[in-house]
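S.K.: I'd like to ask you about the structure that follows.
The values are calculated or read from the model by the stated rules, or taken from the named source; none is laboratory data. Note that the structure is predicted; figures quoted are calculated from it, not measured. Positions of Cβ are generated from backbone atoms using ideal geometry, with glycine treated the same way; all protein chains shown enter the neighbour counts. All accessible areas refer to the heavy atoms of the entire protein, side chains included, with ligands and DNA or RNA removed. Shrake-Rupley method; radii C 1.70, N 1.55, O 1.52, S 1.80 Å.
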Amino acid sequence: MIDMNVFKQFQEAIKHLGDMAQPEALTDEQRVSRAKAVMHSKIDRHLAMDLEACVNCGYCSEACQFYQRTGDAKYTPTRKLDLLRRVHSREISALAPIKRLFTRDITAQDLEAWQELVYDSCTECGRCSMVCPMGINIARGVSVMRESLFEAGLAPLEIMAVAQEQTGRGTVFGVGPAELLTCVEALRAQGIPVPLDEPRADVLLVSTVIDVLLFQDALAATARILNHLGVNWTLRSAGFEAANFGLLSGSETLQKLASKRLIDEALAIGAKTVILPECGHAYAALRWEGQLEDGQPLPFEVVAAAEFVGRAVQQGQLKLQPGDASQKITYHDACKLARHGGVIEEPRAALKALGMNYQDTTPTAELNWCCGGGSGAFLLNRDAPLRHKAWQIKKEQINATGADTVVVSCASCRLNFIEGAEIDEWSTHIESLVVMVAQQLPAKPTA
Ligand code: SF4
Ligand code: SF4
């Protein structure tokens, strides 16, 4: 159960995040030049095809929560790639010499205008690509736009501030090894054994600033499940932060650095598995983008907490006490887990093992609606009204199931649900998947 006072303090702190940013003083020419350098380096064969293939059918608009709730044409998904399209058309494509004659060059003002389109009104959820008849990966293009804007010094100040903190001090919102230790000691005081800085372990559990500050119940629950299963695991002070503000901001350098901190710890202890906390973008950062320094694949498995728990249920290792069969629950698929990662059956296996009345949403799984606050949108102060409108689609979807509890497996989604529920006085209970599972662990380990 979250302490709402701590949540409000967190919300208040977010309001001042931007004041901590140290933006680079760049000329307009430098901004455009830097952004274009990124675009040129990132427009490969696949992205070039995506930029040329759009037939302007408009299907993607209907799939996007930001367009759906506003009807504003500027939020059309394909339009978010227009600057990339112009640079590709004028400077890279086979017809560039001709296209230059009638396609306007991009400007610093264009880049500034696109900040809202690729940070505030795009969670890189990927839903638009599910319906695109040409299979265009819009979220990938948006990610390249974020990298371009970051290099141009035009990331939103809130995200820039945290990216600078994580790059420089290695902490996120001031949470480092000392804060982790305080959190671990609090869990130990509750009688939960939490191994910290063990020199060898099969499993490295990583956490996130959000869990350390706000959702300690999720960390406690994961620890209890691992202990129950008899897993040889540890947390490591030098590499526990799964939140990756490189991925969120568009800083590829930080994205690699933040992943390296986790990878180094996993290698140091000889881990066979790294379990990520309930955090969608952490999954994208380490599972899909993580690699060794020489570009080789990681020599250990990376799994999400929901994936690990669901697999243990599917394989018969984890059996749960039967819950209240009259309690109606549903599940919100985090985009980075389900749509991008294919983690669909595992969380459902865990939820069905609870023995409650489980009801899927419509649509569900890879077509489920985004919560509206992912990919850092939750941190943007000016974005609050827009992301709330987007979240209301989610709320209506959950209401239609009649569930009294919505279960989530991403701390960022959980934050956005809590914020939305508070504004709308929505009474549906919002709960973490690992917390639900840990509440129904049998008294003794199952055979
Ligand atoms: S990735 Fe999601 S938020 Fe972004 S444009 Fe597509 S549907 Fe909209
Ligand atoms: S659905 Fe695909 S082809 Fe149609 S407008 Fe969107 S990006 Fe273009």
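S.K.: Looking at the stretch 385-400, which of the residues that are of a type in the set (A, V, I, L, M) and away from ligand 1 (no atom under 16 Å from the Cβ) is least open to solvent (accessible area, probe 1.4 Å)?
M.R.: Looking at the filtered set, the residue picked out is Ile398.
S.K.: Based on this model, can you work out whether Arg236 counts as open to solvent by 10 Å² or more (accessible area, probe 1.4 Å), farther than 30 Å from Leu154 by Cβ and modelled with pLDDT of 95 or more?
M.R.: Yes; evaluated as a whole, the condition is true for this residue.
S.K.: Asp197 is checked against (1) at positive phi; (2) in contact with a His (Cβ under 9 Å, 6 or more places away or on another chain) and fails just one. What number does that condition carry?
M.R.: Failing condition for Asp197: (2).
S.K.: While we're looking at this one, here's another question. Within the stretch 52-59, is there a residue that is open to solvent by 30 Å² or more (accessible area, probe 1.4 Å), within 28 Å of Trp391 (Cβ to Cβ) and more than 16 Å from ligand 1 (Cβ to nearest atom)?
M.R.: No.
S.K.: Moving on to the next point. May I ask you to say which residue of Lys99, Lys74 is assigned by TED's automatic domain parsing to the domain that holds Ala37, more than 17 Å from Gly250 (Cβ to Cβ), surrounded by fewer than 17 Cβ atoms within 10 Å (Cβ to Cβ) and within 13 Å of ligand 1 (Cβ to nearest atom)?
M.R.: None of the other options fit; the residue is Lys74.
S.K.: Still on this structure: Checking Cys64 against (1) under 26 Å from the mean Cα position of the chain (by Cα); (2) in contact (Cβ under 8 Å) with a residue 40 or more places away in the chain; (3) open to solvent by 20 Å² or more (accessible area, probe 1.4 Å), only one condition comes out false. Which one?
M.R.: Cys64 satisfies every listed condition except (3).
S.K.: Same structure, new question: Could you check how many residues of the stretch 301-341 are farther than 19 Å from Thr405 by Cα and open to solvent by 50 Å² or more (accessible area, probe 1.4 Å)?
M.R.: Matching residues across the stretch 301-341 total 7.
S.K.: Here's a follow-up. Identify all residues within the stretch 3-60 that are away from ligand 2 (no atom under 16 Å from the Cβ), within 25 Å of the chain's Cα centre (by Cα) and in the same structural domain as Glu112 (by TED's automatic domain parsing); write none if there are none.
M.R.: Residues satisfying the conditions are Ala35, Val38, Met39, Ser41, Lys42, Ile43, Asp44.
S.K.: Check Leu267, Leu298 and return the single one that is modelled with pLDDT of 95 or more and either closer than 23 Å to Gly250 by Cα or crowded, with 21+ Cβ neighbours inside 10 Å (or both).
M.R.: Among Leu267, Leu298, only Leu298 is modelled with pLDDT of 95 or more and either closer than 23 Å to Gly250 by Cα or crowded, with 21+ Cβ neighbours inside 10 Å (or both).
S.K.: Output yes when any residue across the stretch 302-309 is modelled with pLDDT of 95 or more and not hydrophobic (A, V, I, L, M, F, W, C), and no when none is.
M.R.: yes
S.K.: Also, quick follow-up: On the given criteria, is Gln109 surrounded by 16 or more Cβ atoms within 10 Å (Cβ to Cβ) and either within 19 Å of the chain's Cα centre (by Cα) or more than 16 Å from ligand 2 (Cβ to nearest atom) (or both)?
M.R.: No: the conditions fail for Gln109.
S.K.: Could you grab me the full set of residues in the stretch 357-377 that are more than 28 Å from Gln327 (Cβ to Cβ) and assigned to a helix (DSSP H, G or I)?
M.R.: Ala377
S.K.: Out of Leu149, Leu83, which single residue is touching a Gly at 6+ places or on another chain (Cβ under 7 Å), under 30 Å from Ile393 (Cβ atoms) and not aromatic (Phe, Trp, Tyr)?
M.R.: Leu149
S.K.: Could you please give the count of residues in the stretch 401-447 that are under 25 Å from Ile225 (Cα atoms), among the β-branched types (Val, Ile, Thr) and open to solvent by 30 Å² or more (accessible area, probe 1.4 Å)?
M.R.: 1
S.K.: Quick check on this structure: which one of Arg31, Arg104, Arg45, Arg86 is without any contact (Cβ under 8 Å) to a residue 24 or more places away in the chain, surrounded by 15 or more Cβ atoms within 10 Å (Cβ to Cβ) and away from ligand 1 (no atom under 15 Å from the Cβ)?
M.R.: Going through Arg31, Arg104, Arg45, Arg86 in turn, just one is without any contact (Cβ under 8 Å) to a residue 24 or more places away in the chain, surrounded by 15 or more Cβ atoms within 10 Å (Cβ to Cβ) and away from ligand 1 (no atom under 15 Å from the Cβ): Arg86.
S.K.: Quick one: which helices (runs of 4 or more DSSP H) sit completely within the stretch 116-172 and have at least 3 residues that are within 15 Å of ligand 1 (Cβ to nearest atom) and buried (at least 24 other Cβ atoms within 10 Å of the Cβ)?
M.R.: 138-151
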